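Enquirer: Attaching a single structure in structure tokens format; questions to follow.
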Amino acid sequence: MMNIYRMKAKTNTYDVIDLDIINMMQKLKVITNHDEDTLIELLMNLPLDNTSLKGMWPEEMTCSYFGKAKEQNYDINLFSHFLVLKMNAYSVLSEHLKPYGEFLPLNVEGDKIMMFNLLTFAQENKELCEMSYLDGFENGLSTLHFNEDDIVSKSIFKSKLEGAMAIFCTDYFKELVEKNRLNGVVFDTNLLDIF
């Protein structure tokens, strides 16, 4: 049986960059012919709709570090549903990540950094997935299982049932990160634990 992990930021980690949906929309509006409302909707639904940003992304999007993220100096950061990679992590992981999404260049206070937009879903084993209920209404998942036949060829992916906000991976990706001593993320076998 293959191990699956939920990737998480280390405890007490700063968001790596100061770039919210409104900032991103304003920067993309200059490049695209979309109006503000269309861009906001696109960015809010991005993880679940699996929308590519590559065609509307600038050569590099400028932004600042958030809080003490620069001093934190992690190789890999989770930012919303994106992975944000320093160039040393990008050089190690880019070939392994490329089949599963797209790289979006950032300029963060003069530092070149890559943001990875994951565009790959894994099929859930719906017979083993259970919904949680609160007062008779669906309240998320109580168990999450993936179809092993589907994930055998994927090292990193997201889940539609979970809402596409988490990044999951297999042993292959975890070992790649650990073998190269890349820091910033932890790997949790509890797939639904957000903390």
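Enquirer: Which of rounded, prolate, oblate describes the range 11-117, given a ≥ b ≥ c as roots of the alpha-carbon gyration tensor eigenvalues and a/c under 1.5 marking rounded, otherwise prolate only if a/b is larger than b/c?
Expert: On the way: a/c = 1.71, a/b = 1.36, b/c = 1.25.
Prolate, because a/c is 1.5 or more and a/b exceeds b/c.
Enquirer: May I pose another question? Beyond 25 Å, how much of the Cα-Cα pair distribution for the range 96-195 remains, as a whole percent?
Expert: Percentage above 25 Å: 29.
Enquirer: Mind listing which trypsin sites (Lys or Arg not before Pro) in the range 3-48 are in a DSSP loop and have 15 or fewer other Cβ atoms within 10 Å?
Expert: Values: sites: Arg6, Lys8, Lys10, Lys27, Lys29; in loops: Lys10.
Filter output for the range 3-48: Lys10.
Enquirer: Kindly write out, for the range 96-110 in residue order, the coupling ³J(HN,Hα) from the Karplus curve 6.51 cos²θ - 1.76 cosθ + 1.60 (θ = phi - 60°), rounded to whole Hz, with x marking Gly and Pro.
Expert: For the range 96-110, the Karplus curve yields 7, 8, 3, x, 10, x, 9, 9, 10, x, 10, 10, 10, 6, x Hz.
Enquirer: Follow-up. Past 28 Å, Cα to Cα, is the threshold; run Lys70/Lys98; Lys8/Lys98; Lys68/Lys160; Lys27/Lys126; Lys27/Lys86 against it and keep the listed order. Before the final figure, lay out the partial values.
Expert: Details: Lys70/Lys98 26 Å; Lys8/Lys98 20 Å; Lys68/Lys160 33 Å; Lys27/Lys126 39 Å; Lys27/Lys86 22 Å.
From Lys70/Lys98; Lys8/Lys98; Lys68/Lys160; Lys27/Lys126; Lys27/Lys86, over 28 Å: Lys68/Lys160; Lys27/Lys126.
Enquirer: Once Rh is set to the Kirkwood radius over Cα pairs, what Stokes-Einstein translational diffusion coefficient, in µm²/s, holds for the chain at a temperature of 10 °C and a viscosity of 1.306 mPa s? All intermediate terms of the calculation are to be shown ahead of the outcome.
Expert: Working: Rh = 17.7 Å.
The calculation lands on 90 µm²/s.
Enquirer: Among Leu161, Ile194, Leu182, which residue has its Cα furthest toward the positive end of the charge dipole of the chain, with +1 on Lys/Arg Cβ and -1 on Asp/Glu Cβ?
Expert: About the Cα centre, the residue reaching furthest to the positive side is Leu182.
Enquirer: What length, rounded to one decimal in nm, is gained on full extension from Met2 through to Val152, with 0.36 nm per residue of separation minus their alpha-carbon distance? Mind showing how you got there, number by number?
Expert: Values: separation 150, 0.36 × 150 = 54.00 nm, distance 0.80 nm.
Here the answer is 53.2 nm.
Enquirer: Give me the dipole magnitude in Debye, nearest 20, for the chain about the Cα centre, with unit charges on the beta carbon: positive for Lys and Arg, negative for Asp and Glu. Write down the numbers at each step before the final one.
Expert: Numbers: 18 positive and 30 negative charges, 139 e Å.
Rounded to the nearest 20 debye, it is 660 debye.
Enquirer: Additional query: Over the chain, what is the relative contact order in whole percent, taking alpha-carbon pairs under 8 Å and six or more residues apart? Before the final figure, lay out each step's value.
Expert: Details: 338 pairs, mean separation 58.0, N = 195.
The value is 30 percent.
Enquirer: Amide H neighbours of Gln123 under 5 Å, counting only residues 5+ apart in sequence or on other chains, H built in-plane at 1.01 Å?
Expert: Counting only residues 5 or more places away or on other chains, the set is Asn147.
Enquirer: If you don't mind, there's one more thing I want to ask. Placing +1 at every Lys and Arg Cβ and -1 at every Asp and Glu Cβ, with all other atoms neutral, what dipole size does the range 97-195 have around its Cα centre, in debye to the nearest 20? Don't skip to the end; give the middle numbers.
Expert: Details: 9 positive and 17 negative charges, 102 e Å.
Charge dipole of the range 97-195: 500 debye, to the nearest 20.
Enquirer: What distance in nm lies between label points placed 7 Å from Cα along the C-beta direction at Glu41 and Lys70?
Expert: In this crude spin-label approximation the distance works out to 3.9 nm.
Enquirer: Show which lysines lie in cross-link reach of Lys29 when reach means a straight Cα distance below 17 angstrom and same-chain residues fewer than eight apart are skipped.
Expert: Partners within reach: Lys54.
Enquirer: Find how many whole Å separate the alpha carbon centroid of the range 128-195 from the alpha carbon centroid of the range 88-108.
Expert: Spelled out, the Cα-based centre of one part sits 20 Å from the other.
Enquirer: Assign unit charges at the C-beta atoms only (+1 for Lys and Arg, -1 for Asp and Glu), then state the dipole size of the range 64-134 relative to its Cα centre in Debye, rounded to the nearest 20.
Expert: Working: 6 positive and 9 negative charges, 47 e Å.
Approximately 220 debye in magnitude.
Enquirer: Taking θ as phi - 60°, what are the ³J(HN,Hα) couplings along the range 65-71 by the Karplus curve (6.51, -1.76, 1.60), each to the nearest whole Hz, with x for Gly and Pro?
Expert: Listing the rounded values in order: 5, 9, x, 9, 4, 5, 5 Hz.
Enquirer: Sticking with this structure for a sec: Restricting to DSSP H runs of at least four residues, report the calculated mean residue ellipticity at 222 nm for the chain, -39500 (n - 2.57) per run over all residues, nearest 500 deg cm²/dmol.
Expert: Numbers: 6 runs with 51 residues, N = 195.
Computed mean residue ellipticity for the chain: -7000 deg cm²/dmol.
Enquirer: Moving on. Could you compute Rg(Cα) / (2.2 N^0.38 Å) for the range 143-195, with N its residue count? Provide the component values of the computation, followed by the final result.
Expert: Values: Rg = 11.6 Å, N = 53, 2.2 N^0.38 = 9.9 Å.
Here the answer is 1.17, to two decimals.
Each value in this text was obtained by applying a stated rule to the coordinates, not by laboratory testing. This one's a predicted model, so the numbers in the text were calculated from it and none came from an experiment. Counting neighbours? That spans all protein chains shown, and the Cβs are built from the backbone with ideal geometry, glycine included.
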